[in-house]
Amino acid sequence: MRRRELLFLLASAMTPAHALRAQQMAMPVIGYLSSQSAEALAPILPAFRDGLKEAGYIEGRNFSFEFAWAAGQYDKLPALAEDLVRRQVSVIVASGGAIAALAAKAATSTIPIVFAIGDDPVQYGLVGSFKHPGGNITGITLFMATLTPKRLEFFERGGACGDACYPHQSPQSECRKRSEERTGSSTANRPGIAHADCKQ
């Protein structure tokens, strides 16, 4: 995750939201919507808090968190997103793939949303375009599902990588099939390749 860019977007989203709700709220609230569990993200959240602190946002002093964990139960994301909207959070951070960002987008057209995903947000319908995302949503993408096949090709051409380089994933995996359809690159002859942005 490109932490610096994500924090910049988050700070930009919080500033106008805080000004609009200054009369109603003691401090802005970051709604953290994730398709994962608190345990899964435990190694990452301290760095996220540190980055916010570097940007001048100190939890408990000038902002607070409201967490919503789906813990792998993706059908819960819409209700979790709607609950954050009812709580009138200042901004929603959507974590854990495009599925979380889509749930947040469906829940509100006014609260700023910041996402970080591994694939094309335009293809998912999260934003209108990279140049003009529009609406109340912005974020960053790593294009992992698009770039991973190319990176693997470079490894193979250099003779530096074998099957041991790839975490196991069945060739029949639906996630693998979706990634190949999106990228137009087949990995049928590369057993064990894992694709980014998997939901299973």
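The values are calculated or read from the model by the stated rules, or taken from the named source; none is laboratory data. On a predicted model such as this, the values are computed, not experimentally measured, just so you know. We place every Cβ from the backbone using ideal geometry, glycine too, and count neighbours over all the protein chains shown.
Odds and ends about this structure:
- Residue within the range 49-59 that is in the same structural domain as residue 28 (by TED's automatic domain parsing), within 15 Å of the chain's Cα centre (by Cα) and not polar (S, T, N, Q) present: no
- Selected residue (criterion: modelled with the lowest pLDDT) from residues of the range 18-58 that are assigned to a loop (DSSP other than H, G, I, E, B), among the hydroxyl-bearing types (Ser, Thr, Tyr) and touching a helix residue (DSSP H, G or I) at 6+ places or on another chain (Cβ under 9 Å): 57
- Members of the range 95-145 found to be assigned to a helix (DSSP H, G or I) and touching a strand residue (DSSP E or B) at 6+ places or on another chain (Cβ under 6 Å), listed by number: 98, 100, 101, 104, 105, 121
- Any chance residue 96 is under 15 Å from the mean Cα position of the chain (by Cα) and either buried (at least 23 other Cβ atoms within 10 Å of the Cβ) or among the polar types (S, T, N, Q) (or both): yes
- Qualifying residue in the range 108-118 (condition: at negative phi and surrounded by fewer than 14 Cβ atoms within 10 Å (Cβ to Cβ)): yes
- When the range 74-94 is filtered for residues that are of a type in the set (S, T, N, Q) and out of contact with any helix residue (DSSP H, G or I) (no Cβ under 7 Å at 6 or more places or on another chain), only 88 remains.
- Condition met for residue 101 (farther than 10 Å from residue 31 by Cβ, free of Cβ contacts under 8 Å to residues at least 40 places away in the same chain and surrounded by 15 or more Cβ atoms within 10 Å (Cβ to Cβ)): yes
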